[in-house]
Amino acid sequence: MASDEDQVLVEENQFVRTLIFNRPRQLNALSFPMISRLLELYRAYEEDSNVKLVIVKGKGRAFCAGGDVAAVVRDINEGNWKTGAEFFRKEFTLNYLIATFSKPQVSIFHGIVMGGGAGASIHGRFRVATENSVFAMPETALGLFPDVGASYFLSRLPGFFGEYCGLTGARLDGAEMLACGLATHFVPSTRLSLLEAALCKVDSSDPAIISEIIDKYSQRPHPKEKSAYLRLDVIDKCFSRRTVEEILSALEEEAMNKPDDWISATIQTLRKASPMSLKISLRSIREGRLQGVGQCLVREFRMVCHVMQGQVSKDFVEGCRALLLDKDKNPKWKPSKLELISDDMVNRYFSKVDDEEWEELKLPARSNLPVFAIAKL
């Protein structure tokens, strides 16, 4: 096990700092010590005029496969949901610092980038995918919802592609990440070391200069023939519907009119996910369309605290049991069907937590506007 200090390695060049997630056996899942260390480093770099650029990457075959939710579930099972809440409070604060960071960040997605890994990178200015990138927000299969500010960045993808990604947990490759705007650049893995060497010589925080350097090593791959992104017309037609039930019904209608393996697989995925997660995820992304990143994170923190309290549904604990702990892949969701979930049940996730000791997420005052923007291709 990497010691707390070694879970994030730091390489220092004159004006550039490279942060390396170093829990390769855990696919660099973000632990509480990692998040604490990253917060400390970002705060220090913001104050240090010598630091002009931050590069973030992962060791091994993942950039970062998410947050260490198994540890959070242990806390919940021991009756300490508030300890788990502190994990998310710190993580969401880090997401906000990255989203409003005064210096450019280049995230290198060489491998898996999911859940919390997306929160530590997609909010940054430059996001470099490769042919080995795999992106997903798989939370609805775990009884959670796309958090870490995902209701902000998913809702800003073209059409209703964000709703599709958030509800199904669909996996995207590097070409698809570039096409939809989750990545700003695509660099073949054979050229990454050249790119990093060039970036490490930078003596500027000017995004135009950094973009020009990355452009020299970039390509524009086309999404594969079977890519979901090439079905944006069907996705927009179905995932623009008002409710999860209407989305499913629209997909089923499409499947009847024209049998299609991709549509059938999408329906199956939605049917397997936690019904409660689907309901709150759709509403969260829809609200995110009209909110800033800070508002999204404050709301998502409320939601995640309700998830951990488990008063409306205990699907998060059950999903983690079935997929991460016992690995029987057979979660027993409660409520078991979409039609058993009332509007009142969904509304509770968006209300303040009824606990005198609980505090809302209070984000630090920041002067910089969020930098996430869909790349104009």
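The values are calculated or read from the model by the stated rules, or taken from the named source; none is laboratory data. Since we're looking at a predicted model, the values are computed, not measured. Note: ideal-geometry Cβ built from the backbone for every residue, glycine included; neighbour counts use all protein chains shown. Areas reflect the complete protein model, heavy atoms only, side chains present, ligands, DNA and RNA absent. Shrake-Rupley method; radii C 1.70, N 1.55, O 1.52, S 1.80 Å.
Against the test of being over 23 Å from A141 (Cβ atoms), in a helix (DSSP H, G or I) and either without any contact (Cβ under 8 Å) to a residue 40 or more places away in the chain or touching a strand residue (DSSP E or B) at 6+ places or on another chain (Cβ under 9 Å) (or both), the options L230, L251 yield a single qualifying residue, L230. E357 meets each of the listed conditions (1) more than 21 Å from S151 (Cα to Cα); (2) open to solvent by less than 40 Å² (accessible area, probe 1.4 Å) apart from (2).
Just checking, does segment 45-55 include any residue being closer than 30 Å to V307 by Cβ and at pLDDT 95 or above? No; the residues of segment 45-55 include none that is closer than 30 Å to V307 by Cβ and at pLDDT 95 or above.
Within segment 163-210, which residues are polar (S, T, N, Q), open to solvent by less than 30 Å² (accessible area, probe 1.4 Å) and more than 30 Å from A273 (Cβ to Cβ)? Outline the logic, then answer.
Restricting attention to segment 163-210, the residues satisfying the condition of being polar (S, T, N, Q) are 168, 184, 189-190, 193, 204-205.
Next, from what is left, pick out any that are open to solvent by less than 30 Å² (accessible area, probe 1.4 Å): 168, 184, 204.
Scanning segment 163-210 gives a single hit, S204.
Condition first: free of Cβ contacts under 8 Å to residues at least 12 places away in the same chain and open to solvent by 60 Å² or more (accessible area, probe 1.4 Å). Now tell me which residues in segment 313-327 satisfy that. Working first, answer last.
Keep residues of segment 313-327 that are free of Cβ contacts under 8 Å to residues at least 12 places away in the same chain, which gives 322, 326-327.
Matches in segment 313-327: D326, K327.
One residue stands out among those in segment 144-162 that are crowded, with 24+ Cβ neighbours inside 10 Å and out of contact with any Cys (no Cβ under 7 Å at 6 or more places or on another chain): the one that is farthest from L323 (Cα to Cα), which is F153. Among the residues that make up segment 215-225, is at least one of them charged (D, E, K, R), closer than 19 Å to T140 by Cβ and either touching an Asp or Glu at 6+ places or on another chain (Cβ under 7 Å) or open to solvent by 10 Å² or more (accessible area, probe 1.4 Å) (or both)? No: zero hits.
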